[in-house]
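> Please see the structure below; I have some questions.
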There are 2 protein chains.
Amino acid sequence: NKEFDDDGDVIVCRLSERRRVMIQDFRGKSLVSIREFYKKDGKELPSAKGISLTEEQWSALKKNIPNIEKAVRKMESHTM
Amino acid sequence: NKEFDDDGDVIVCRLSERRRVMIQDFRGKSLVSIREFYKKDGKELPSAKGISLTEEQWSALKKNIPNIEKAVRKMESHTM
């Protein structure tokens, strides 16, 4: 199930056909990268659409999951 | 603690000084947007650095948190 891309980054999962979560090594630090890819000459290449989170930013994201869920529900109750 | 930006999107949290998680309303569907901002003329504007996840993609991300954590630890044991 684990895959590696051409740069040796670990592809953890796909969020959609074109979107992946990867772990990148940046100067000995891990980055959690959530990114869209595009196809060119049969290769899948990373696009600018995406963000690579440091461990601190990834931790902040995880910690805020309940707040994110709450905000999604709130947004949905407004638009209904 | 809740803030709204100029487009009426909900700012859920900041991951760093420049990076935010927001909930956007896109045609009645919520998007979880993780994005970097930049300052221009005293305003904070969204940059291209970021990704807006549909609810399906956000669910897939959440479900994969244990796999992401595992991959981070694996990457770190390799670089040490």
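The values are calculated or read from the model by the stated rules, or taken from the named source; none is laboratory data. Please read all numbers here as calculations on a predicted model, not as lab measurements. Cβ atoms come from the backbone with ideal geometry, glycine included; neighbour counts cover every protein chain shown. The area values use the complete protein model at the heavy-atom level, side chains included, leaving out ligands, DNA and RNA. Shrake-Rupley method; radii C 1.70, N 1.55, O 1.52, S 1.80 Å.
> Residues that are open to solvent by 30 Å² or more (accessible area, probe 1.4 Å): find the strands (runs of 3 or more DSSP E) completely inside region B:8-68 holding 3 or more of those.
Output list reads B:19-26, B:29-40, B:43-53.
> With respect to A:SER77, is the statement that it is open to solvent by less than 40 Å² (accessible area, probe 1.4 Å) and polar (S, T, N, Q) true?
Taking the combined requirement at face value, the residue does not satisfy it.
> Determine which single condition A:SER30 fails, assuming it passes every other condition in (1) at pLDDT 90 or above; (2) over 14 Å from the mean Cα position of the chain (by Cα); (3) within 9 Å of another protein chain (Cβ to nearest Cβ).
Failing condition for A:SER30: (2).
> Looking for something of a type outside the set (Phe, Trp, Tyr) and either in contact (Cβ under 8 Å) with a residue 60 or more places away in the chain or over 25 Å from A:GLU76 (Cβ atoms) (or both) - is there at least one such residue anywhere in region B:17-24?
Looking for residues that are of a type outside the set (Phe, Trp, Tyr) and either in contact (Cβ under 8 Å) with a residue 60 or more places away in the chain or over 25 Å from A:GLU76 (Cβ atoms) (or both), one finds at least one in region B:17-24, hence yes.
> Looking at (1) facing chain A (nearest Cβ under 8 Å); (2) under 17 Å from A:SER59 (Cα atoms), which is the only condition B:GLN57 fails?
Here B:GLN57 clears every test but (2).
> Related question: Could you check, for region B:36-46, whether at least one of its residues is touching a Gly at 6+ places or on another chain (Cβ under 9 Å) and closer than 14 Å to A:ILE34 by Cα?
yes
> Can you pull out the residues in region A:46-80 that are under 19 Å from the mean Cα position of the chain (by Cα) and among the basic types (Lys, Arg)?
A:LYS49, A:LYS62, A:LYS63
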